[in-house]
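Peer 1: Got a structure here, written out as structure tokens. Questions coming.
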Amino acid sequence: MKYRTIGTDPTTRREVSVLALGAMLFGSVTDEATSFALLDHYVEAGGNFIDTSDNYAFWADGGQGGQSEELLGRWRRSRGIGDEIVIATKLGARPLAPGTSYTDNPEGLSAKVIRESAERSRERLGLEKLDLLYAHIEDHTVPLQETVEAFAALAADGTVGLLGVSNHAVWRVERARALAAAAGLPGYEVLQYAHTHLRPRSDVPDALFPDGSLGHAGPDLLGYLRAEPGLTLVAYSPLLKGAYTRPERLPADFDHPGTPARLAVLRDVAREAGATVNQVVLAWQIGGELPVLPLAGVSSVAQLDENLAAVDLELSPEQRARLDAAH
Ligand SMILES: NC(=O)c1ccc[n+]([C@@H]2O[C@H](COP(=O)([O-])OP(=O)(O)OC[C@H]3O[C@@H](n4cnc5c(N)ncnc54)[C@H](OP(=O)(O)O)[C@@H]3O)[C@@H](O)[C@H]2O)c1
């Protein structure tokens, strides 16, 4: 395994494995025994960066989510896991009532929600302190200042370490960080967005955010990361939910002439490297000039082993140049 530092403050920064494990479906779609086996296997391989959210996976049973955090809490207790494993969670996108969603009825990012939801996440996970807490989606009904101060209050009382943000317009991330900096408060340092080798069209609605919210890391976000070396991009859905091996899963916003061109280079490089296309995608993210940490979900140990092996796959500068240039 290889490791990378996330965060800049010596009191909150952490060393995490370069491949993060998504626990989104653990405890709902993925049963308990399989989930525990995947978590154990990941940790045995040196993995220590696990991702969940207070709303996972509300869509699996039409409830409000929480199964993933609860399963991780049971796994932590049964294995005697301490703070060597970094568990990141999120708030803001939990539906306020069963049968609703983050699109029509989200808990949002008010000071009250941030205080209370973080407390409930700590209870479900069995943690005194959340290592990394993200604002999951934007909330246009609450002033950014309120959200910034509420996250900082959790950091100040020691119940949260690092702060992160997901699926926000870049200008909102920058404004929130500027508000925090001006007030001498900690700001978002870990940015979680969808990112993979294939690029989405911007004129077709994102499957997760049909309202037009930003889900994918586009050129503006990547430019922001280049300008702010203290920030880290955590790339969700790096394997496009299995679409590299099952093309029928490719979302509509990837249906454009650039996709076959990029897939062709991925296949060429995979052949040359004796690797799979999934491994080339992950290695391309891990070893690139920007700090990108792929966050992949898995449903079997075989998938996890394939993804873990990508950590040791070194792409040559010439292969990287071809992968970057294809369009
Ligand atoms: N911030 C956000 O809004 C947000 C949104 C989505 C996800 N996330 C986070 O990101 C994590 C990963 O996202 P994701 O599950 O959407 O996308 P992903 O990691 O791209 O896809 C995971 C799925 O891809 C398939 N897969 C994984 N490895 C494979 C392999 N080696 N060979 C073939 N198929 C493979 C599996 O599908 P099958 O199980 O069907 O075989 C697996 O369930 C989640 O667990 C969650 O923590 C965050």
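Peer 1: So what's the back-of-envelope 222 nm ellipticity for the chain, counting only DSSP H runs of four-plus at -39500 (n - 2.57) apiece and dividing by all residues, rounded to 500? Intermediate results must be reported in sequence, preceding the final value.
Peer 2: Numbers: 11 runs with 124 residues, N = 327.
Computed ellipticity for the chain at 222 nm equals -11500 deg cm²/dmol.
Peer 1: Kindly identify the chain as rounded, prolate or oblate by the Cα gyration tensor criterion: order the square roots of the eigenvalues as a ≥ b ≥ c, call it rounded if a/c is under 1.5, otherwise compare a/b with b/c, prolate if a/b is larger, else oblate.
Peer 2: Values: a/c = 1.45, a/b = 1.29, b/c = 1.12.
Rounded shape, in that the Cα axes give a/c under 1.5.
Peer 1: Let me ask you something else. Might you report the magnitude of the Cβ-based charge dipole of region 263-318 about its Cα centre, with Lys and Arg at +1 and Asp and Glu at -1, to the nearest 20 debye? All intermediate terms of the calculation are to be shown ahead of the outcome.
Peer 2: Numbers: 2 positive and 8 negative charges, 39 e Å.
So the dipole magnitude of region 263-318 works out to roughly 180 debye.
Peer 1: Please compute the net charge surrounding Gly230, taking Lys and Arg as +1 and Asp and Glu as -1 over other residues with Cβ under 14 Å from its Cβ.
Peer 2: Values: positive: Arg4, Arg13, Arg14, Arg177, Arg226; negative: Asp9, Glu174, Glu189, Glu228.
Neighbourhood net charge equals +1.
Peer 1: Still on this structure, I have one more. With unit charges on the beta carbon (Lys/Arg positive, Asp/Glu negative), name the residue among Val148, Ala169, Thr159 whose Cα is farthest towards the positive pole of the charge dipole of region 137-186.
Peer 2: Ala169
Peer 1: Let me ask you something else. How would region 229-312 be classified by its alpha-carbon gyration tensor: rounded, prolate or oblate, with rounded meaning a/c under 1.5 and the a/b versus b/c comparison settling the rest? Let's see the in-between values first.
Peer 2: Working: a/c = 1.29, a/b = 1.18, b/c = 1.10.
Note, shape of region 229-312 comes out rounded.
Peer 1: Express the carbon and sulfur contribution to the solvent-accessible surface of the chain as a percent, rounded to the nearest whole number, probe 1.4 angstrom. Please report the intermediate quantities before stating the final value.
Peer 2: Details: 7410 of 13700 Å².
That fraction is 54 percent.
Peer 1: If you restrict to DSSP beta bridges whose two residues both lie in the chain, what percentage is antiparallel, to the nearest 5?
Peer 2: Details: 5 of 36 bridges.
Given both bridge residues lie in the chain, the antiparallel proportion sits at roughly 15 percent.
Peer 1: Taking 7 Å along the Cα-to-C-beta vector as the label spot, tell me the Val301-Arg320 distance in nanometres, rounded to one decimal.
Peer 2: Inter-label distance under the simple model: 3.4 nm.
Peer 1: Still on this structure: Apply the Karplus parameterisation 6.51 cos²θ - 1.76 cosθ + 1.60, with θ equal to phi minus 60°, to every residue of region 153-167 and state each ³J(HN,Hα) to the nearest whole Hz, in sequence, with x for glycine and proline.
Peer 2: Listing the rounded values in order: 5, 5, 5, 5, 8, x, 8, 9, x, 7, 10, x, 9, 9, 6 Hz.
Peer 1: Mind checking which of Pro251, Leu231, Leu304 is farthest towards the positive end of region 198-327's charge dipole, using Cβ charges of +1 (Lys, Arg) and -1 (Asp, Glu) about the Cα centre?
Peer 2: Pro251
Peer 1: Also, quick follow-up: Starting from the Cα of Lys129, draw a straight line to each of the lysines and keep only those under 21 Å, dropping any in the same chain fewer than 8 residues away.
Peer 2: The reachable lysines, counting only those whose Cα sits under 21 Å from Lys129, are Lys90, Lys112.
Peer 1: Can I ask one more? Return the sequence-ordered ³J(HN,Hα) values of region 63-73 in whole Hz as given by the Karplus equation 6.51 cos²θ - 1.76 cosθ + 1.60 applied to θ = phi - 60°, using x for Gly and Pro.
Peer 2: Taking θ as phi minus 60°, the curve returns x, 10, x, x, 5, 5, 4, 5, 4, 5, x Hz for region 63-73.
Peer 1: Another question about this same structure. Would you mind calculating the relative contact order of region 239-327 from Cα pairs under 8 angstrom and at least 6 residues apart, reporting the percent as a whole number? Each step should come with its number before you reach the end.
Peer 2: On the way: 71 pairs, mean separation 30.4, N = 89.
Relative contact order of region 239-327: 34 percent.
Peer 1: Express in Å², to the nearest 10, the accessible area of His216 obtained by rolling a 1.4 Å probe over the protein heavy atoms while all chains stay in place.
Peer 2: Surface accessible to solvent at His216 totals approximately 40 Å².
The values are calculated or read from the model by the stated rules, or taken from the named source; none is laboratory data. Everything numeric here is computed off the predicted structure, so don't read it as measured data. So basically every Cβ, Gly included, is an ideal-geometry build from the backbone, and we count neighbours across all protein chains shown. Only protein heavy atoms, including side chains, enter the accessible area calculation; ligands, DNA and RNA are left aside. Shrake-Rupley method; radii C 1.70, N 1.55, O 1.52, S 1.80 Å.
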